[in-house]
1. Other chains near A:89-102: what is the mean number of their Cβ atoms within 10 Å of each residue's Cβ?
2. When the convex hull of the C-alpha atoms of segment B:1-113 is computed, what volume per residue in Å³ does it have?
3. What FRET efficiency would be calculated for the residue pair A:GLU350, A:ALA293, taking the C-beta separation as r and a Förster radius of 41 Å, to the nearest 0.05?
4. Where the accessible area of chain C is counted over protein heavy atoms with a 1.4 Å probe, how much of it, in %, is carbon and sulfur?
5. With label points built 7 Å along Cα→Cβ from the Cα atoms of B:ALA142 and C:ARG87, find their separation and express it in nm.
6. I'd like the distance separating the alpha-carbon centroids of segment B:32-94 and segment B:177-207, in whole Å.
7. Normalised by the number of residues in chain C, what is the relative contact order in percent for Cα pairs under 8 Å and 6+ residues apart?
8. What does the accessible area of C:VAL28 come to, in Å² to the nearest 10, when a probe of 1.4 Å is used?
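The values are calculated or read from the model by the stated rules, or taken from the named source; none is laboratory data. Since the structure is predicted, the reported quantities are computational estimates derived from the model, not experimental observations. Cβ placement follows ideal geometry from the backbone for every residue including glycine, while neighbour counts extend to all protein chains displayed. These accessible areas exclude ligands, DNA and RNA; they are computed on the full protein's heavy atoms, side chains included. Shrake-Rupley method; radii C 1.70, N 1.55, O 1.52, S 1.80 Å.
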Amino acid sequence: MKRILYAGVALLAAAVLPAQAADTVKVGMIISLSGQFADTGMQMLNGAKLYVKQHGDTVTGKKIEIIAKDVGGINPPVAKRLAQELVTRDNVDVLAGFDLTPNALAAADVSLEAKRFMVNMNAATAIVIEKSPYMVRTSMTVPQLNTTLGTWAEKNAGVKKAYTMVADFGPGLDAEGAFSRGFKASGGDVVGSVRMAVANPDFSSYVQRAKDLNPEGIFVMIPGGAMPGAFGKALAERGIDLKKTKVMGQMEITDEHALASMGDAALGIITVAHYDYTHESKMNDAFVKAYNAEYGRNPDFFSVGGYDGMHLIYAALEKANGKTDGDSLIAAAKGLKWESPRGPISIDPETRDIIQNVYIRRVEKVGGKLVNVEIATFDNVKNPK
Amino acid sequence: MALTQNLQSPQLYLQSLSRWRPAEIAFWLATLLPFVLAPNYLSLASQIAIAALFALSLDLILGYAGIVSLGHAAFFGIGAYSAGLISRFGWGEPLTGLLLSTLAAGLVGYATSFIIARFRHLALIMLTLGFGLLLAELANSAGWLTGGIDGLQGIHTWRLLGLFNFGLFGTTAYAYALAVLFFVFLGTRRLIHSPFGLALRGIRENWVRMSAIGAPNRAHIRTIYTIAAALAGIAGALLAQTTETVSLDSLGFERSAEVLVMLVLGGAGRLYGGLVGATIFMVARDQFSGIAPEYWYFWIGILLIFVVILLPNGVLGGLPNLIARWRRP
Amino acid sequence: MLSPVVGVLFDGFAYGMLLFLLSVGQSVTLGLMNFINLAHCAFAMLGGYVTVTLVNGHGWPFFAALPCAFIVSAVTSIGFERALYRRLYRASDLDQVLLTIGITFTAVAVAAYIFTTAQQPLQLPSYLRQSVEVLGLRLAIYRLILIAISLIITCVLVAALEHTRFGAQIRAAVDNERMARGLGIDVDRTFAITFALGSGLAGLGGGLAIEIVGLDPSFAFTYLVYVLIVVSVGGLGSIRGTFAAAAVLGISDIAGKYYVPQLGAFLIYLVMISLLMWRPTGLFGRR
């Protein structure tokens, strides 16, 4: 018993004593490493760590140190507290990570108050960027992807009537709104919509309702993980012919694991994405190889958000000549342009948001494997107002 | 034991219980230590104080009245959202906001207590779970009011007593949360060491016998349930005010399960159990996630298993036994 | 031609059957010994991961992997029962809750460590992914098989309960534990065997669930809530009750989402609350 007590005190002391090393740039990453969003957090951290491994941990003579903190899922009070602790206890120079919007919104308050540079590596809701003038985003925004998809659906795919089915939560409603805006602006007609329960992944009833109305296109937005697989199967079971009805959505529904789970039932599903590991470019090939060598699996858009986020930190530090205060870093970050495994990207100097290519893909069988094949590319898409 | 000495008079028995023991005084003095020893940890400390208050409110119904609730976070969430909404609509004064949120949570508690008091055992547990889950769904659907999954935005808490700003270091937050915790604790202590408190324990031990001697079981259950709901609401409101964020997780099943674990860890029915359990759990979680961010819950699981095996009835329940065994030559 | 809504109800019934397999073990052990095992779904998760490892990693046929999932879960549960659970038969409900939650946390961490937190897709032979046309309705073969397996297991369980000596011992212990002990029935041993069987069935359910709801380390917690709902609505210690509750909940959930999608997730909770308020001990419960 006494031993446990001593160990406990030692642990506490070790945690309380401040870390040494003067010339270090500390990057605090607030991500989910446990709970249902653990996978996304891990991928993001892996992407960031891979960048540091490839490019060395020294920038402008200073050492880069990543401090990862687990927020455990959607937990804004904890995210805020972790951000506060990273700033007051660990003296981080950059707040990064944020796989989930509510956490990003909470931490943005800290970034604003402490004037700390904040790199949002995932949270995709449009308004997040406005919460702190020290924030940049290296992932994507929901409208950037879905409004583009809506426009493409009407103009290029001949879809005049669409049915929308989205999960009844923030990102789902956001995506539906963005898609409808783009779709209707091009002259399309949304014939019906349904909000699906977030928790229970049995889609039969919802798919049947969609089928009853016989639309030309169905727009879907569901969280990643187990659901896309179940959804694809529901489509097959209810007999939706993907050649006649275009099923469209955001990239989560055809990610690697969803495709493996759906099998051939996925052929023909159309998705919009800013990154896929099958994207053909020299840089991406090298990135995917290195990622596999290091972590034994393929990267996804969370990984590339982390990877590009680290690049942004390095580039901003160099441009700011090693100055680490919030004002210098954000001024340096605005307008940065570079080549990412996903394609060319840049940071909009006005909105601090990301500008990148948006790809429309369709699931096809290539060499016996199911992959998302790019069928259209929209260059340098900004976040639509 | 105090009981055998004071069998003649229930008043004397209650009085002997309500005397302040040195261990208690030491405990409360220790809560002031973080201001001096760990000024960088005050945000964590304030969240521990809030969790302790929440666990205390659960102890009232679980430890003293024997109602196992898997949905207690509903009241925590109601308190949090009320405080958040009041602030969002322009009134950010913390103390009055706290009072109003407590009222809101208490009212909902009162309303549901009528149903709760009529059921027992597994049906009761599942009903509390069901109500909690329903409320969480409702909050998700009413996104126009609650902000849905993104949470409530635009909360700004004004200065406490017009003087103290809630800053980055969490000093005001901890002082505020600790003070509220202490006052609520005093009230709860008084309540438990009263005839009403004794009646509750009687109801928990033997429902039938209590009715036989004429105790109004259902009315007592309703009363304590309402009080517990109000106290949970205070904790929720404190969290909303000190962190200026509220989101759906404050109502969710995870939070109900978490507070249950904290209380049982510390030892239910012992007044300090919730406080001790909350402290151990939150400190362990914080430290474990610092050391092993990817697998901290593995260590929490091991901790829980060890506590149950070595310290049945929670830390406060098993500690006297453990100490006695140590002392035996 | 049957209306397409029947196809939807069929899917709901299949989902209910899955819940049945996951819950029946919990119902019997709770009714038997009043032992609250919140780690029940961790055993289901174990069965799921065993299935994935055998089918994906070693190329075993799916139907050979399922009995393995059953056996591994059953045997593992015996280990836990001997080492940990046995000490807490007389302990308070809350201690049992704490222990089993601790075990679940640990299990989830181990699963995340070994298998990562990613979704585990299952490589099933293609005939299992197709559907057949029955009376103008498309019915998925996988769901048909799921229903068939569940019905067979239900019959076997009910028959065993009614017609074997061991079944009689279980029924006696559920009805009145003290009396059963008084008559010389070794209730602890009965419980141990029943517990192993229940956990084994959960493992089987876990293996079958992958294709329908997916598998990742958070499975152990997510399905716990549904299992508790089924068990409480059905009535402790009753196989018929669990079956009825699972079917009702599965179908009403699906039907609700088809006819009144605005109610969506609310429906399953409303159904549970109403049923419990009407029958607090469950549809077929006794105590």
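1. Values: counts 7, 1, 0, 0, 0, 0, 0, 0, 0, 0, 0, 2, 4, 12.
That average works out to 2.
2. Values: hull volume 18.9 nm³, N = 113.
So the per-residue hull volume is 167 Å³.
3. So, using R0 = 41 Å, E works out to roughly 0.55.
4. Details: 7160 of 10740 Å².
The nonpolar share, carbon plus sulfur, comes to 67 percent.
5. 4.6
6. Cα centres, segment B:32-94 to segment B:177-207: 17 Å.
7. Details: 444 pairs, mean separation 108.9, N = 287.
Contact order relative to length: 38 percent.
8. 20
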